[in-house]
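Just so it is clear, none of the values below were taken in a lab; they were calculated from the coordinates. Being a predicted model, the structure only gives us computed values, none of them experimental. Neighbour counts run over all protein chains shown; Cβ positions are idealised from the backbone, glycine included.
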Amino acid sequence: MSTLLLQQGRIVDPANQRDEVASLLIEDGQIIGLCPADTPADEVIDAHGKIISPGLVDMRVSLREPGNEEDETIQTGTAAALAGGFTTIACMPDTDPAVDNRAAAEFVILQAERADNCRVVPIGAVTKKLKGEELAEIAQLVAGGARAFSDAKQPLANAEVMRRALEYTRMVGMPILHHPQVPELVAGGLMHEGYYSTLLGIAPMPAAAETIMIHRDIALAEMTEGTLHLMGISTYTGVEQIRSARRRGIQVTADVTPHHLFFKDEHLRTFDSKYKVNPPFRTQKDVDALLDGLQDGTIDVICSDHQPYAEEKVTCELDQTPFGIVGLETLVPACITRFITPEIMSWTKLLKKLTINPARILGLDAGTLSEGAIADVTIIDPDRETLIDPDKFRSKGRRTPFTGMTLNGKIDTVIVGGRVKYHDNELVQSARSC
């Protein structure tokens, strides 16, 4: 039996409405509970002045393996996740081949076990080859370990396919994670449609592309009683649509990224591809609405939307480079800087959107420090600063709009299954548990 004592930290556990300074005892990979600070243990971590949180959960990460290992691998992506404070990540199915069958889902799990970093949960494709035409083998994907379904950044444009998908996934009790966007309205677009797209002469992506699709998705979720999760909300109208649907009792949840709360469409005046994301950065009015949605619970989760690409793919003309930035290693400092430092949000409210909420949506036994729970724990030092230097990322991806910024807070320690896997800027290679 091995014991680990996290000594005198501020324990913030939203699942149990706990926020207090105490010591936490872990034994053989399980949470034992609060204990005296002088409790004997095989290993002691001094957590004075630090936040002891349930292990962070990111429900939207692209790992690129198999097929595009030059962009990222499960090994490098999970290492980046540890450095970002995550003990569990959900892997999007946008690989080559796509995760649209049982073997593909099992491959992701096997590679994650070989990497031995954080936990990886595969998200199965809704349709075969992500083409939006024929449903994938939903039951077989569940048997292979999938915990949700998505076609990643490919919107399900066919309403009948989306309807059938919601009906099938309802039977297995899992959500569909959908990128709400009308493809025809954004075809060829590079940025938000508005003043700056007109000024710069850049092909636009209108906000209506998102809000029209959200309206359709909510109507289908209401009709089928399926479970819908809307990814990457970016518009003020979208926030209000989701708020209204939830008041009517429709099963819809939503997430947002930290970068959509920092940056706006005007940043693309530089023509720098690090501001090229999908959905695009929008206006201050949209940012304010996203903040309000996070505050009142309309938006349940904050995700990294980690989209890594090899350097040669992001150093070309704006219209030639793919959408997306890396986000795993910047999410926590960005959230602390955006919410905690200006006292916009409490630690409990913020960590709820990074722990128990994504865990519940995915049906995972995670996101809590309850007695008997798996000992996945993240320790955050709120008083240290993080200088965002992409050259030090563990991800293969380097493109981020936070480059060169100094953000507040730093990941101190990450514990997965009772084993310290990351501490003080270093990955820890520890013996496997029996």
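Check which residues have an amide H placed less than 5 Å from Thr73's amide H, if you skip close sequence neighbours.
Amide H to amide H, under 5 Å and 5 or more residues apart or across chains, Thr73 pairs with Lys396.
For Glu70 and Ser370, compute 0.36 nm times the residue count separating them, minus their Cα-Cα distance, and round to one decimal in nm.
Extra length from Glu70 to Ser370 when fully extended: 104.0 nm.
Got a sec? Which residues in region 120-161 would a label at Glu167 touch, if it sits 7 Å along Cα→Cβ and we count backbone N under 11 Å?
Counting only backbone N, you get 160-161.
Can you list residues from other chains, or at least 5 along the same chain, whose modelled amide H is less than 5 Å from the amide H of Ala90?
It is Asp58, Met59, Arg60, Val61, Val121, by chain and number.
Show which aspartates and glutamates lie in cross-link reach of Lys50 when reach means a straight Cα distance below 14 angstrom and same-chain residues fewer than eight apart are skipped.
Asp13, Asp19, Glu20, Asp381, Asp383, Glu385, Asp412, Asp424
Under the rule of at least 5 residues apart or a separate chain, name every residue whose amide H is placed under 5 Å from the amide H of Val182.
Close amide H contacts, sequence-distant or interchain: Glu210, Met213.
Can you pick out the pairs among Lys396/Lys421; Lys131/Lys264; Lys153/Lys274; Lys313/Lys410; Lys353/Lys410 whose Cα atoms lie more than 21 Å from each other?
Lys131/Lys264; Lys313/Lys410
How large is the dipole of the chain about the Cα centre if only Lys and Arg carry +1 and Asp and Glu carry -1, each at its Cβ, rounded to the nearest 20 debye?
Computed charge dipole of the chain: roughly 680 debye.
Just add up the charged neighbours of Arg216: K/R +1, D/E -1, any other residue whose Cβ is under 14 Å from the Cβ of Arg216.
That sum, taken over residues with Cβ under 14 Å, equals -4.
Computed over the Cα atoms, what is the radius of gyration of the chain divided by 2.2 N^0.38 Å, N being its residue count?
With N residues counted in the chain, Rg over 2.2 N^0.38 Å equals 0.93.
Going by a ≥ b ≥ c, the root eigenvalues of the Cα gyration tensor, does region 1-149 fall in the rounded group (a/c under 1.5), the prolate group (a/b larger than b/c) or the oblate group?
prolate
Given 0.36 nm per residue, what is the gain on full extension from Glu225 to Asp38 after removing their alpha carbon distance, in nm?
So the extension gain works out to 62.2 nm.
Could you list Lys128, Lys421 so that the one with the fewest beta carbons within 10 Å of its beta carbon is first and the one with the most is last?
So the ranking, lowest neighbour count to highest, is Lys128, Lys421.
What is the sum of charges, Lys and Arg at +1 and Asp and Glu at -1, for the other residues whose Cβ falls under 10 Å from the Cβ of Ala203?
-2
Once you order the gyration tensor axes a ≥ b ≥ c over the Cα atoms, which shape class does region 116-209 get: rounded for a/c under 1.5, otherwise prolate or oblate by comparing a/b with b/c?
prolate
Counting only helical runs of four or more DSSP H residues, what would the 222 nm mean residue ellipticity of the chain come to if each run contributes -39,500 (n - 2.57) and the total is spread over all its residues?
-7500 deg cm²/dmol
If Lys and Arg each add +1 and Asp and Glu each add -1, what is the summed charge of the other residues whose beta carbon sits under 14 Å from the beta carbon of Ala289?
-2
What percent do you get for the relative contact order of region 55-362 when only Cα pairs under 8 Å and 6+ apart count?
The normalised contact order for region 55-362 reaches 17 percent.
The chain: longest stretch without exposed GluC sites (Glu not before Pro) (DSSP loop, at most 12 other Cβ within 10 Å), sites themselves excluded?
Here the longest segment lacking exposed loop sites spans 1-132.
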